[in-house]
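The values are calculated or read from the model by the stated rules, or taken from the named source; none is laboratory data. Predicted model only: the values in this text are computed from it and were never measured. Note that each Cβ is placed from the backbone with ideal geometry, even for glycine, and that neighbours are counted across all protein chains shown. Accessible surface is based on the protein model in full, side chains and every heavy atom, while ligands, DNA and RNA are left aside. Shrake-Rupley method; radii C 1.70, N 1.55, O 1.52, S 1.80 Å.
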Amino acid sequence: MYPLRRNRRLRTSEAMRSLVRETTITPNDFIAPLFVVEGKNKKEEIVSMPNYFRFSLDLLEKEVKELWSLGIKSVLLFVKVPDNLKDNAGTEALNNNGLMQRAVRTVKNSVPEMLVMTDVALDPYSAYGHDGIVSEGKIINDDTAAILAEMGLSHAKAGADILAPSDMMDGRIFEMRSLLEDEGFHETGIMSYSAKYASAFYGPFRDALDSAPVDAENIPKDKRTYQMDPANREEALKETLMDIEEGADIVMVKPGLCYLDIVRDLKNKINIPIAVYQVSGEYAMIKAAAEKGWLDHDAVVLEQLTAIKRAGASMIASYFVKDAVKLIS
Ligand code: PBG
């Protein structure tokens, strides 16, 4: 009872505050997403993601060395696929010498200890900008899941440590895990985007990879038949428990800030690591406000990352990881 208890006693100095701090972010928590393009000596800034770039393989090599030197030990690879290689069958996704497969080998050659995670989804390879095969206005689930499993296997063969399916087809974790086991890839991890919402915050990412759903007749304009409804909370637990049963090692909630209630729900109920993806639109919002001088960029970045971890994330994929580790070191 006041004045026997004065809560402000524990806030009197930075030394005191740091002594009682419940959550700290460290470089160990972070996954750096990386966008890869064909070509040489390319470092292209993404218009809607200021100070974030697509790298050609030669510069990717340098970038991962820099990340490693900063203490960042995992990367999540995405590729921008040339238009002429896109189709409605994921053909190029299965090319053992495709850009993703070469990118995995490049990272492993450059920094062998770096943990390499790969995006497994068809949208960068899809002529229609969807995460699966499109037929008669629908995204075909089971055929897509089978291709995703093959795609994952091809990444594993290239040296990927963790496959990260971001597509939200039903049963794809089971398909992928079964194929990996059959083929002897017992140690390849799966980080499932298990509670991935149909969010408007993915816009800048689709600019980065030129992967937005195309506007054409009989092609769904959005991803609402496979990604989750932002209004749903209970469903996130159902999705996540199923992915764990099917063999996921790590599960993910995406986007970040708007979905921290989901992160905490899961944290209270499951016992495997939870990843959170702070997505491109979240990055763009902070950059835009900071450019106008309306927010303190660095402070907001650290506050958001801390909040994500406090909610229950074991790890965070974020376009701010380089900024963050420089700020906390
Ligand atoms: C697609 C994919 C998306 C992101 C990661 N993988 C976009 C989408 O679902 O349309 C978004 C990441 C971001 O916005 O940063 N498989």
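For the chain, the share of accessible area belonging to carbon and sulfur comes to 50 percent (1.4 Å probe, ligands and nucleic acids excluded). Legend: distances between Cα atoms for Lys86/Lys157; Lys42/Lys65; Lys80/Lys238; Lys157/Lys267; pairs beyond 25 Å are Lys80/Lys238; Lys157/Lys267. DSSP assigns beta bridges within the chain; of those with both partners inside it, close to 20 percent run antiparallel.
Per residue, how large is the accessible surface of the chain? Use a 1.4 angstrom probe and give square angstrom. List each step's numbers first, then the result.
On the way: 15300 Å² over 329 residues.
Counting only protein heavy atoms, the per-residue value for the chain is 47 Å².
In a simple Cβ point-charge model (Lys, Arg +1; Asp, Glu -1; nothing else charged), the chain has a dipole of about 1940 debye relative to its Cα centre.
Hey, could you get me the Stokes-Einstein D for the chain, Kirkwood radius over alpha-carbon pairs, 25 °C and 0.890 mPa s, rounded to whole µm² s⁻¹? List each step's numbers first, then the result.
On the way: Rh = 20.5 Å.
The estimated diffusion coefficient comes to 120 µm²/s.
Calculated [222 nm] ellipticity per residue, helices only, for the chain: -11500 deg cm²/dmol; basis is -39500 (n - 2.57) per DSSP H run with n ≥ 4, divided by all residues, nearest 500. Separation of the range 20-80 and the range 113-131, taken as the distance between their Cα centroids, equals 16 angstrom.
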